[in-house]
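Asks: First, the structure itself, so that you have it in front of you.
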Amino acid sequence: MYEPSNSHPDIHWPAGFSPDDAHGFFQRQATVRASPDRAFALLTDVSKWPEWSPGLSEVSIDALAQLFSVRWHGHRFEVFVGENEPPHRIGWLGIGAGVQLYQAWLLTAVEGGTHIVTENVVRSAAPKALDTLSATWTAHLDDLWQAQFERLSGAIPA
């Protein structure tokens, strides 16, 4: 878990989902050997997520492609796309299992590939002082991010 003050200044947070207000704030960064276009296309090909995302067993996509649902570690999440600026940024809100997650991705072209910053805030139905979910979700998110970065180019996160 990271301090909210470490949030990347170019990440756009929706109202109510700032890192300062969250139960948990998480960040991962990596440079991958893929162009921003390719990385963005892989990240947003939701129908393929179950093939390479740990714990993800089901995806159902709305015809508008701004809403989809996933089954992740046995829990159903409704996911709403909040920001979509190909190929540089995407963000989505997932609601389910007693938590709300907002995940933001920032993709920047660099020599030899793309530098990716992904940040996530987690809010729980429990008051912050009583939250016991953060450690479990931290482990799940860490596994998911590792798989996502590896999928993007075969690179290991820095």
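Asks: Just a yes or no: is a residue in the stretch 117-134 under 17 Å from residue 40 (Cα atoms), at pLDDT 90 or above and open to solvent by 20 Å² or more (accessible area, probe 1.4 Å)?
Replies: Within the stretch 117-134, none of the residues are under 17 Å from residue 40 (Cα atoms), at pLDDT 90 or above and open to solvent by 20 Å² or more (accessible area, probe 1.4 Å).
Asks: Which residues, taken from the stretch 96-116, are modelled with pLDDT of 90 or more, touching a strand residue (DSSP E or B) at 6+ places or on another chain (Cβ under 7 Å) and over 15 Å from residue 25 (Cα atoms)?
Replies: The answer is 106, 107, 108, 110, 113, 114, 115, 116.
Asks: Hey, another quick one. Out of the stretch 16-38, which residues are among the small types (Gly, Ala, Ser), closer than 16 Å to residue 99 by Cα and either open to solvent by 30 Å² or more (accessible area, probe 1.4 Å) or free of Cβ contacts under 8 Å to residues at least 60 places away in the same chain (or both)?
Replies: Listed by number, the residues that qualify are 16, 18.
Asks: Applying the selection to the stretch 61-109, what residues are open to solvent by 60 Å² or more (accessible area, probe 1.4 Å), in a strand (DSSP E or B) and farther than 21 Å from residue 21 by Cβ?
Replies: Matches in the stretch 61-109: 61, 71, 75, 76, 84, 85, 108, 109.
Asks: Test residue 53 against the stated conditions and say whether it is modelled with pLDDT of 80 or more and either under 26 Å from residue 109 (Cβ atoms) or touching a strand residue (DSSP E or B) at 6+ places or on another chain (Cβ under 9 Å) (or both).
Replies: Spelling it out, it is not the case that residue 53 is modelled with pLDDT of 80 or more and either under 26 Å from residue 109 (Cβ atoms) or touching a strand residue (DSSP E or B) at 6+ places or on another chain (Cβ under 9 Å) (or both).
The values are calculated or read from the model by the stated rules, or taken from the named source; none is laboratory data. What you see is a predicted model; the values in this text were computed from it and never measured. Cβ sites come from the backbone with ideal geometry, for glycine too, and all protein chains shown count toward neighbours. The accessibility values were calculated without ligands, DNA or RNA, using every heavy atom of the protein model including side chains. Shrake-Rupley method; radii C 1.70, N 1.55, O 1.52, S 1.80 Å.
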